[in-house]
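S.K.: Here it is, the structure, as structure tokens.
The values are calculated or read from the model by the stated rules, or taken from the named source; none is laboratory data. Everything numeric in this text was worked out from a predicted model, so none of it was measured. Don't worry about glycine lacking a Cβ; one is built from the backbone with ideal geometry, like all the others, and counts go over all protein chains shown. Heavy atoms of the whole protein, side chains included, go into the accessibility calculation; ligands, DNA and RNA do not. Shrake-Rupley method; radii C 1.70, N 1.55, O 1.52, S 1.80 Å.
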Amino acid sequence: MAARSEQQSVPLSVLLKRELAHEKIENPEVAHGQAGQSKKGEDLTLVKTECQRMVGDGVSTYSVFGVFDGHNGSAAAIYTKENLLNNVLSAIPPDLNRSEWVAALPRALVAGFIKTDKDFQEKGQKSGTTVTFVIIEGWVVTVASVGDSRCVLESSDGEIYYLSADHRLDTNEEERVRITSSGGEVGRLNTGGGAEVGPLRCWPGGLCLSRSIGDMDVGEFIVPVPHVKQVKLSTAGGRLVICSDGVWDSLPAEAALDCCRGMPPDAAAPHIVKEAVQAKGLRDDTTCIVVDILPQEKPSVSASHTKKKGMLKSMFRRKSSESSSYNDKDYVEPDVVVELYEEGSAMLSERFHTKYPICNMFKLFMCAVCQVEIKPGEGISIHEGAPNSGKFRPWDGPFLCSSCQEKKEAMEGKRSLGRVSSGSDD
């Protein structure tokens, strides 16, 4: 393991250009299955395979998978399922090559999540939803998540990687600090006489999550800014399991993967749901998508591994800042999962900062969130009011329109957008 960790990483562009130029590595075969059992009827899934995109080197295909766990009704989950992907794609500049498009996804996902939330709130409905959103392009997997639905990856050698974040207040101290710093309160339900019961919740509103889409009945510090992780699989592939909390409240990741080992994804998904319901009963909507990413013509099953299974890996090899000068001809691809990007900050100044590796590809006079055109002099720098704003000039982008600037300030606890406070069952 020590020798492996000392190997120098290689940039995404080198990996993808190497694959395309030498034609040594085919695109993977992506097979999937999904299943669910309904308790409240608020879980939804999105499956889009072989989506086509015209690029400079021909037609490239990608696949999209999503799990949406609604609460206070399914309106937010339905709206997000119908609009999120288009909002993400609209935030990606046109005419990008393959590596640029993949590198643009993390920022576009943040913009798409926020725009979806902002547009849904304008409808005045109080429903909310968690989201785990997965885009697969070649061997690169990009996952954006808010809430407590999750995505886990089992690599070809049986190691387990968490690709999403858990935004439950009970388990995320960093999010508790963020909410209280923004003016919210975190505590359990008080039943009178000083007795507190149930999970930690955010007040006003009573939501036990710190991030979601929708939820007009709670404070703006419940934000839609997703945690985003992007990894590149080895050409041996792996298996993704994407589930709502109805599964994860009943089964740990290792148990979910072990119970369906050797099954194709269309059999694995219902088996995971069955195991989750048998473990603790049908207490919530229980939804699962299983995706196998494998070399073409290889049987789409999760193989029995000779190595020790279930090693939980929270650390990935990160891309070195000097890796762009790495000599491709000396590089031999390791049989590991390589982390290309990870960021979970709720601060837009950190998610859209000017050091973003492809910031020049984004149009200067377009709102970074809603993509409306901004007249010169009317845009508001994303860095305005940020703790490190002194390092930036007033004309340093990206820029926000006035409406999205108000949204940003509300999420940071600097203003209220007039939400109505009430209880929430989630």
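S.K.: Taking 0.36 nm per residue of sequence separation and subtracting the Cα-Cα distance, how much length would be gained by fully extending the chain between residue 283 and residue 342, in nm to one decimal?
M.R.: 18.0 nm is the gain from fully extending residue 283 to residue 342.
S.K.: Using a probe radius of 1.4 Å on heavy atoms only, what accessible surface per residue do you get for region 38-179? Whole Å² is fine.
M.R.: Details: 4570 Å² over 142 residues.
Per-residue value: 32 Å².
S.K.: Provide the solvent-accessible area of residue 341, counting protein heavy atoms only and rolling a 1.4 Å probe, rounded to the nearest 10 Å².
M.R.: 50 Å²
S.K.: Provide the gained length on full extension for the span residue 119 to residue 195, in nm with one decimal, where the gain is 0.36 nm per separating residue minus the Cα-Cα distance.
M.R.: Extra length available between residue 119 and residue 195 comes to 23.5 nm.
S.K.: Can you work out the PRE-style zone for residue 47? Point 7 Å along Cα to Cβ, and I want the residues of region 62-76 with backbone N under 12 Å.
M.R.: Hits in region 62-76 for residue 47 at 12 Å: 64-66.
S.K.: Between region 232-265 and region 367-383, what is the separation of their alpha carbon centroids in Å?
M.R.: Using only Cα atoms, the two centres lie 41 Å from each other.
S.K.: Would you mind checking the pairs 48/126; 118/375; 39/123; 48/414 and listing those with alpha carbons more than 30 angstrom apart?
M.R.: With Cα atoms farther than 30 Å apart: 48/414.
S.K.: With every protein chain left in place, what is the accessible area of residue 32 in Å² (1.4 Å probe, nearest 10)?
M.R.: 70 Å²
S.K.: Probe radius 1.4 Å, ligands and nucleic acids left out: which of 414, 408 has the largest accessible area, and how do the rest follow?
M.R.: The residues order as 414, 408, largest area first.
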